Amino acid sequence: MSPLMEQLYSMLSAIMGTDGLSRLFYMLFPLFLVFELPLTIMVLLGVLRWFTRRRSSVPKTSLYRPKVSCIITCYSEGMDVQTTLLSLCEQTYPGHIEMIPVVDGATINQPTLSAVRSFYVDPLLYPRRHLRPIAKWQRGGRVSSLNAGLSHASGDIVMALDGDTSFDNNMVSAIVRNFEDPSVPAVAGSLRVRNVWGSWVTAMQALEYVLSIHMSKIGLAEWNLVNNVSGAFGAFRRSFLVKIGGWNTHTAEDLDLTLRIKSYFKRHDLRIPFEPEAIGHTDAPATLRQFLMQRLRWDGDLFFLYVRKHNHNINPDLLGWPTFLMILLSGFFFQLVLPFIIFIYTLLALFILPGKTLLFLFALIYLLYLLITMLLFGAMLSMVSDRPRQDVTLGLLVPVFPLFMLLIRCWSAVAMLNEMFRRGHEETSMAPWWVLKRATRF
């Protein structure tokens, strides 16, 4: 132990007693569960409610078939964008689907532009499918691509999709049926990792997506508490989207738009469903460096949106009390506060606690989180999974998952520090610097 750590240890021991630090850590880490268990229980109860209703409900036949416009943001996908377009052509939805691939920076992205323009939609093989590509010659970023697509969209329902994401062929039908309810302005779709076993990093993300996105959103949607409509795969009522001005600039446009929609919840009694049968497939970062850089942007954006940009919108008069409390718990505490608590106390434990105490404490915490992970994974397989044979293999990763989540949470603290002191959202690859420079500063 370094002299500085010895002095700190002596000072804290004098204040708290010889074994005070040990008692502190024994009490503090399990107390995280006091905050995490209610959310876990809420998710599980929501999943159980959804599962019970689904088993007892009678399938309904609907004649609601609005035109759907799919805005596909493209930048450097090359020929991969044709996989996305083909998966939309092959949808079983009997209505019209308008595909609007927007190639950002088309001047330097000729391979992607050529892939879009060479894609042929055979009207005999794919009736009621229309391709309307847009070449945006100057690089403007993801938000400008979405708004350009929105200005050309003619469908009642607008989908925002990534150019490297493909979809199950019942996706559009599953999404659209939710919009029969006039109180629904947006619907969240589900994402799965396509390159599951590309590396250990992609495999861990695949398990994270199934538990943290697919299953959690099923449970939260039962209480109208869906936290985000994914930017890679979301659907919106076009009339509502136009009235609120489309997408806004800066970064993390998906959470930004979700928070703006939620600010109308109380006044108009709205809800955002999650559609578990609408599945998109995307490639996750394959290396640890790529993964950490992605989360550096994602988690830093959370701080930017909650603290800097939308702090005036986080109030119960706009959101309603359930949504307001959920944002305080999941948005502020879990995503902004808890990572710092875990990061700081992990460092303190490593430098201050004796070896045996440290080992026992970490073993206790690991077993607690492993138990929770096993519970969630079992519920996912038995009630949620539409691909149980595929998902059961992810069970091999369950023993390592708590350690992976510890890494993510500690890195979240680093990402937020990067945003606090370096304004990391201005370094995003989602938009060029000059677009962010001209945007309103927060």
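Every number in this text was worked out from the coordinates using simple rules, so none of it is lab data. Keep in mind that this is a model prediction, so the values were computed, not measured. Please note: Cβ atoms are built from the backbone with ideal geometry, for glycine as well, and neighbour counts cover all protein chains shown.
Given R₀ = 51 Å, FRET efficiency for His312-Leu364 by Cβ-Cβ distance, to 0.05? Show your work: numbers first, answer last.
Values: r = 42 Å, r/R0 = 0.82.
For His312 and Leu364, the calculated efficiency is 0.75.
Label points 7 Å out from Cα along the Cβ direction at Asp122 and Ala232: separation in nm?
Reported label-point gap for Asp122 and Ala232 is 3.1 nm.
Read phi for every residue in segment 312-321 and hand back ³J(HN,Hα) as whole Hz from Karplus 6.51 cos²θ - 1.76 cosθ + 1.60, θ = phi - 60°, with x for Gly and Pro.
Using θ = phi - 60°, the values come out as 6, 8, 7, 8, x, 5, 9, 8, x, 5 Hz.
Determine which aspartates and glutamates satisfy two conditions relative to Lys309: a Cα distance under 14 Å, and not lying fewer than 8 residues away in the same chain.
Lys309 reaches Glu253, Asp254, Asp256, Asp301, Glu419, Glu426.
Under a 5 Å amide H to amide H cut-off, with H placed in plane at 1.01 Å, what residues pair with Gly320 once short-range neighbours are removed?
The answer is Lys266.
Ranking Trp50, Trp197 by Cβ neighbours within 10 Å, fewest first, what do you get? Walk me through the numbers on the way to the answer.
Numbers: Trp50 18, Trp197 11.
Fewest to most other Cβ atoms nearby, the residues stand as Trp197, Trp50.
Using the 10 angstrom Cβ neighbour count as an exposure proxy, how do Phe304, Phe51 rank, fewest first?
On the way: Phe304 24, Phe51 15.
Ranking Phe304, Phe51 by Cβ neighbours within 10 Å, fewest first, gives Phe51, Phe304.
Can you report the principal axis dimensions of the chain using only the alpha carbons, biggest first, rounded to whole angstrom?
80, 54, 46 Å, listed from the longest principal axis down.
DSSP beta bridges in the chain, what fraction antiparallel, as a percent rounded to 5? Please report the intermediate quantities before stating the final value.
On the way: 10 of 35 bridges.
So the antiparallel bridges in the chain amount to around 30 percent.
Which residue, Ser385, Ser56, Ser144, has the most motion in a Gaussian network model of the chain that connects Cα atoms within less than 10 Å?
The residue that fluctuates most here is Ser56.
Near the amide H of Gly78, under 5 Å away, which other amide H atoms are found, from residues 5 or more places off or on another chain, if H is placed in the peptide plane?
The list, which skips near neighbours in sequence, is Thr112.
Hey, in the GNM for the chain with a 10 angstrom Cα cutoff, which one of Thr323, Thr73, Thr346 fluctuates hardest?
Of Thr323, Thr73, Thr346, the Gaussian network model singles out Thr346 as fluctuating most.
Amide H of Leu191: which non-local residues (sequence gap of 5 or more, or other chain) have their own amide H closer than 5 Å, using H built in the peptide plane?
Excluding prolines and chain starts, which carry no amide H, the hits are Gly280.
Once phi is turned into θ = phi - 60°, what whole-Hz ³J(HN,Hα) does the Karplus curve with 6.51, -1.76 and 1.60 give for every residue of segment 262-268, x standing for Gly and Pro?
Per-residue couplings from phi come out as 5, 5, 9, 4, 5, 5, 10 Hz.
Arrange the following residues from fewest to most other Cβ atoms within 10 Å of their Cβ: Asp386, Asp104, Asp254. Provide the component values of the computation, followed by the final result.
Numbers: Asp386 13, Asp104 27, Asp254 21.
So the residues, fewest neighbours to most, are Asp386, Asp254, Asp104.
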